[in-house]
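The values are calculated or read from the model by the stated rules, or taken from the named source; none is laboratory data. Because the structure is predicted, anything quoted here is derived from the model rather than measured. Cβ atoms come from the backbone with ideal geometry, glycine included; neighbour counts cover every protein chain shown. The protein model used for the area step is the full one, side chains on, heavy atoms only, and it has no ligands, DNA or RNA in it. Shrake-Rupley method; radii C 1.70, N 1.55, O 1.52, S 1.80 Å.
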Amino acid sequence: MAEFTMELNEEQREVRDWLHGFAADVIRPAAAEWDEREETPWPVIQEAAKVGIYSLDFYAQQYFDPTGLGIPMAMEELFWGDAGIALSIVGTGLAAVGVLANGTEEQIGTWIPQMYGDAGDVKVAAFCSSEPDAGSDVASMRTRAVYDEAKDEWVLNGTKTWATNGGIANVHVVVAVVDPELGSKGHASFIVPPNTPGLSQGQKFKKHGIRASHTAEVVLEDVRVPGSCLLGGKEKLDERLARARERAKAGGERVKNAAMATFEASRPAVGAMAVGTARAAYEVALDYAKTREQFGRPIIDNQGVAFQLADMRTSVDAARLLVWRASWMAVNGKPFTAAEGSQSKLFASETAKKVTAQAIQILGGNGYTREYPVERMHRDAAIYTIFEGTSEVQRLVIARTLSGMPIR
């Protein structure tokens, strides 16, 4: 077990500096253009693939870092560059986490490489959980997966929404209901291979922020996938469902469903994304306050501005520490007895919204224009309190964990 530390080792610092350079030299110069175009920045993703950032090897190295800090450090630097482009680069990771959290070794080795492609032919993947009537309320999920025993195939029907890379992905990971009587405990995750008949893109959303990241509906109409595409395998699913039925009869402990297993693993990473955006906005505001003069002196000479910057930096650093703690706990197998993963996501996402708003205030009228990046950062920051569990859901998770009560 790696000891918890607030110092990156030499190798981690080298990776951090390399990522920071890519974010500064490649992502930031392209940020405004792709935000306006509201399109997937394929050229930037390809550049990331060429240097090794968009690849299975890089993702695996950071994911299996024994300190747990590889992923949050990478997320912070990339999202410091720009949230929309960074999400296009790392969005495949959520689907990969879905396979890592629920799949067999064979499934991991087969499907994750196909999610990324290679530098000459980059691919993306999509994780499809939310539905028009089932966002935070995963128990309301309607997408069904029915097993055709004669053909050893699963038949999927339903509509998914808010799917990053939905419809344009090479590989889709779809969460579906296999036993409606068990509610959220009756869910399972499935791989939908490339070019599978019946899967199509529905509405593409025009968003307030992260506009360079493709978000769309995914429609599943009699989509047939081989039995081997059930993550974890049917034997494991049958055992899990049997335990869930027994516990339901006895009123026993909660059993995690497939989507929740993925979200729990990814929440500190989302917190790190928020830290990157908040840090970027703070740095812009600090530089501006040092150079912008009013009444014959830099505006940072005024306590009203200086104190805001002090609070902004304190909040950013506090958020990073919560993210790092949760990430270290997760990789070292320490249980989230106080919902530390949700704590990190909640605090970091709320920090990003607040800090980016303060940055606009410090820049004044300039901050409200697209000539300065804090306007875009503020729009981007709004998503962190919504996706992969709203702030309200995080508070519910924390309160339930601390109290042991079924708070509603």
Single residue of segment 86-106 satisfying the filter (of a type outside the set (Asp, Glu) and more than 16 Å from TYR63 (Cβ to Cβ)) that is surrounded by the fewest Cβ atoms within 10 Å (Cβ to Cβ) = THR104
Exception for ALA244 within (1) aliphatic (A, V, I, L, M); (2) open to solvent by less than 10 Å² (accessible area, probe 1.4 Å); (3) under 16 Å from VAL155 (Cα atoms) falls at (3)
Can you name the residue in segment 333-357 that is open to solvent by less than 30 Å² (accessible area, probe 1.4 Å) and not small (Gly, Ala, Ser) and is also farthest from MET405 (Cα to Cα) among such residues?
-> THR356
Can you tell me which residues in segment 140-160 are of a type in the set (A, V, I, L, M, F, W, C), closer than 14 Å to ASP222 by Cα and either in a loop (DSSP other than H, G, I, E, B) or open to solvent by 40 Å² or more (accessible area, probe 1.4 Å) (or both)?
-> VAL146
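Report yes if ALA399 is within 20 Å of ALA310 (Cα to Cα), hydrophobic (A, V, I, L, M, F, W, C) and at pLDDT 95 or above, otherwise no.
Details: within 20 Å of ALA310 (Cα to Cα): no; hydrophobic (A, V, I, L, M, F, W, C): yes; at pLDDT 95 or above: yes.
It is false that ALA399 is within 20 Å of ALA310 (Cα to Cα), hydrophobic (A, V, I, L, M, F, W, C) and at pLDDT 95 or above.
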Which one of ASN165, ASN102 is under 20 Å from the mean Cα position of the chain (by Cα) and farther than 27 Å from LEU241 by Cα?
-> ASN165
Out of (1) modelled with pLDDT of 95 or more; (2) out of contact with any strand residue (DSSP E or B) (no Cβ under 6 Å at 6 or more places or on another chain); (3) within 30 Å of LYS185 (Cβ to Cβ); (4) open to solvent by less than 40 Å² (accessible area, probe 1.4 Å), what's the single condition that is false for LEU220?
-> (2)
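Residue by residue, here is whether (1) open to solvent by 80 Å² or more (accessible area, probe 1.4 Å); (2) closer than 25 Å to HIS208 by Cα holds:
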site: MET1; (1), (2): yes, no
site: ASN9; (1), (2): no, no
site: TRP34; (1), (2): no, yes
site: ARG37; (1), (2): yes, yes
site: VAL44; (1), (2): no, yes
site: GLU47; (1), (2): no, no
site: GLY52; (1), (2): no, no
site: PHE58; (1), (2): no, no
site: GLY68; (1), (2): no, no
Note on segment 280-332: residues touching a Lys or Arg at 6+ places or on another chain (Cβ under 7 Å) and among the β-branched types (Val, Ile, Thr) are ILE299, ILE300, VAL316
What single numbered condition from (1) in contact (Cβ under 8 Å) with a residue 24 or more places away in the chain; (2) open to solvent by less than 70 Å² (accessible area, probe 1.4 Å) fails to hold for ASP118?
-> (2)
Residues of segment 370-395 being over 19 Å from the mean Cα position of the chain (by Cα) and open to solvent by 50 Å² or more (accessible area, probe 1.4 Å), which ones?
-> ARG370, GLU371, TYR372
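Within segment 255-276, how many residues are touching a His at 6+ places or on another chain (Cβ under 6 Å) and either assigned to a helix (DSSP H, G or I) or at pLDDT 90 or above (or both)? It would help to see each step written out before you state the result.
Taking segment 255-276 as the starting set, the residues that turn out to be touching a His at 6+ places or on another chain (Cβ under 6 Å) are 257-258.
The next check asks that each one be either assigned to a helix (DSSP H, G or I) or at pLDDT 90 or above (or both); those that pass are 258.
Number of matching residues: 1.
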Subset of segment 277-313, residues in a helix (DSSP H, G or I), surrounded by fewer than 19 Cβ atoms within 10 Å (Cβ to Cβ) and aromatic (Phe, Trp, Tyr), comes to PHE307
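Among the candidates GLY252, GLY232, which residue alone is open to solvent by less than 80 Å² (accessible area, probe 1.4 Å), of a type outside the set (Asp, Glu), part of a loop (DSSP other than H, G, I, E, B) and modelled with pLDDT under 95? Before the answer, list the steps.
Working: GLY232 fails: modelled with pLDDT under 95.
Unique residue meeting the criteria: GLY252.
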